[in-house]
Each structure stands twice: as structure tokens, then as C-alpha cells.
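First up is the structure itself, then whatever we jot down about it.
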């Protein structure tokens, strides 16, 4: 990971009015220069992520297709592999497999699953990622772990040639240690409670806390550090000529921070196109973050930033 890694940008989209609208959204994201269409994974109104990405794959030609993030507890690794490997047949070389430990309590209640403590969920995720990566590389896998045991799991359909990116991330030390060992892309975020933005969220969104997270990853990744791409899912994005007014009206309430601290956070991209581009360049120099994902609602206005910086 270096400060001169080229920029790329993604869109996070969770649903659409109908299939035609979803396909057009994917086509538009590609046309605007975004490099990845990402989908979340929750048991609310969101569309099923792998089905939605399959539809997007058939409507587009080159944009990457990402999950941000699949909750590992909702799917057995060997079963998930088959779904991902099938999608890879349709979109070879275009997958970004984002995997998470699961954090939202309502998802567990709706699935009828117990929600284990965070340390256990993260350890289980680590095993799930290990199995998935082995299946991606090998035709047969036997694995005996604390949480998963598989006997002669079959790595078929055989994924086509081409890179798959493994994406993990979070805001806590334990989760980022797993990401440092396993991920090609690390998504840096703030700390969330199991019900959403808890009392720690605002303080953990401050710029200095991202400095801390990068230092953890540097220590844990060792020789892998320079190969890791850093990304951020932007929580607040607005193209405006009066960022201070936006900060006082919106960001201070959203983050519980001063306007200046909220504007400095990597989780916010607010201001004119010039101001946002300057901030992205500064954060790439300081933290190495080069991959930015914005919500689909901001896809069109933010396209001016994409046009300015993508690939540069």
C-alpha cells in the first residue's frame, strides 16, 4: 500500500423499484466511470446481493461486482463458494468478495440465529474466509477448525482465470488483524454497535482514529502491507459550495462531532468538487486510501469527482 496508488471509485446500491431500474443503475454506474458496483447484505428491504449482482453482471461489461459485506454467519462457506464461483462464470475477473462477521442484531433475529459475541463471530469469519480461499485455489478441501469442519469440499464450478479480490474491514483491532492477514482490500470504518451507530461511532470516526487503524494494519500485515488496497465506504457525501453550513446542519448531528472534526473524517466527503478532490489527495498521502465507495443516491453528482481523479 503506497500513497501513489491510483484512485478508483465504487457505488453502493441496495435495491431498486424493479428489475429494469436495477439494470439501468448498473449501466449508469459503469458509464459514469465507477469501477465497482457494491451491494450490502441485510435482511430488510435490501435485494438479495448475489442475485442482484448476477443481474448487474448481465447488464454490464467491465465494472467490478462487490459485496459490502456478506455476513459470514448467514451462509456456510462451501455453499457460498458455489454461489460465488457460479457468478464468476458470468463475470470472470470482476468479483470483489467482501465478507464480514455480521454486526446487526436484527439480521440475526430475522434469520433465527443466535448472535455470538464479537470475538467469536470474527474468529468464525476468519475460518470461513480460509475455506473460501482454499476452495478458490484447490479442487478439493478438507478443513478442521473450531467452528467449521468440511470433508472433501469440492471447489467447483472451477472459477475462471482472473483476479478475485477478497475484501474485509471494520473499525476494531481484532477485525482489522484478520483483514491484515486475509484481505486484498481493507475497508476502513468506524465502530458500530449491534443496533447501528452507537455511542462510540462519532469518536471512532475521527481522522486520528484512522491513523491508529492504519498503524495496526501496518504492524499486523508485515510484508503484505504494501500490497493492500485501502477503501472507505462514505457515510455522508454532498457536493455543495457551503460545506460549513452543511456540517453544522447535518454532520454535527450525524456524528456528534464538531463541524471541523466531522469534515476531516474520512467518512465524509462534503464540499465543492475542488474541495473534495483536495481532501481525497490529502487522505491518500496520509493514510493510503485510494478506493472510495459512495451511496447510489450520490452517484450522479459525485461523478464529477470520479472524472477528475479516477485512475490518477
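Listed values, structure above:
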| quantity | calculated |
| --- | --- |
| For the chain, built as a Gaussian network whose Cα springs stay under 10 Å, the top-fluctuating residue of 222, 93, 155 | 222 |
| On Cα atoms only, tilt of 118-137 relative to the major axis of the chain in degrees | 60 |
| On Cα atoms only, tilt of 19-31 relative to the major axis of the chain in degrees | 60 |
| Candidates 86, 146, 130: whichever shows maximal mean-square fluctuation once the chain is modelled as a Gaussian network with Cα springs under 10 Å | 146 |
| Inter-label distance, nm, simple model (7 Å from Cα along the C-beta direction), residue 225/residue 278 | 3.0 |
| Ascending count of other beta-carbon atoms within 10 Å, so fewest first, for 237, 38 | 237, 38 |
| Gain in span if fully extended, residue 42 to residue 245, counting 0.36 nm per residue against the direct Cα distance | 69.8 nm |
| Selected from 266, 161, 77 as most flexible by GNM, with the chain as the system and alpha-carbon contacts under 10 Å | 161 |
| Residues in the stretch 1-35 reached by a label modelled at residue 58 [backbone nitrogen below 12 Å; 7 Å Cα→Cβ] | 19-20, 23 |
| Residue exposure sequence - 254, 69 - by fewest surrounding Cβ within 10 Å | 254, 69 |
| The chain: angle of helix 77-90 to the longest principal axis, Cα-based, in degrees nearest 10 | 70 |
| Burial ordering of 120, 30, fewest other beta-carbon atoms within 10 Å first | 120, 30 |
| Ordering of 201-209, 180-188 by packing [mean C-beta count within 10 Å, highest first] | 180-188, 201-209 |
| Hypothetical label at residue 118: residues of the stretch 138-169 whose amide nitrogen lies under 16 Å (7 Å Cα-Cβ projection) | 169 |
| Ordering of 287-299, 12-24 by burial proxy (mean other Cβ atoms within 10 Å per residue, highest first) | 287-299, 12-24 |
| Antiparallel %, DSSP beta bridges [both residues in the stretch 8-309], to 5 | 15 |
| Two-decimal ratio, the chain, of alpha-carbon radius of gyration to 2.2 N^0.38 Å | 0.97 |
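Read the figures in this text as sums done on the coordinates, not as results from a lab. A quick note: this is a predicted structure, and the numbers were derived from the prediction, not measured. Ideal geometry is used to build each Cβ from the backbone, glycine not excepted, and the neighbour counts take in all protein chains shown.
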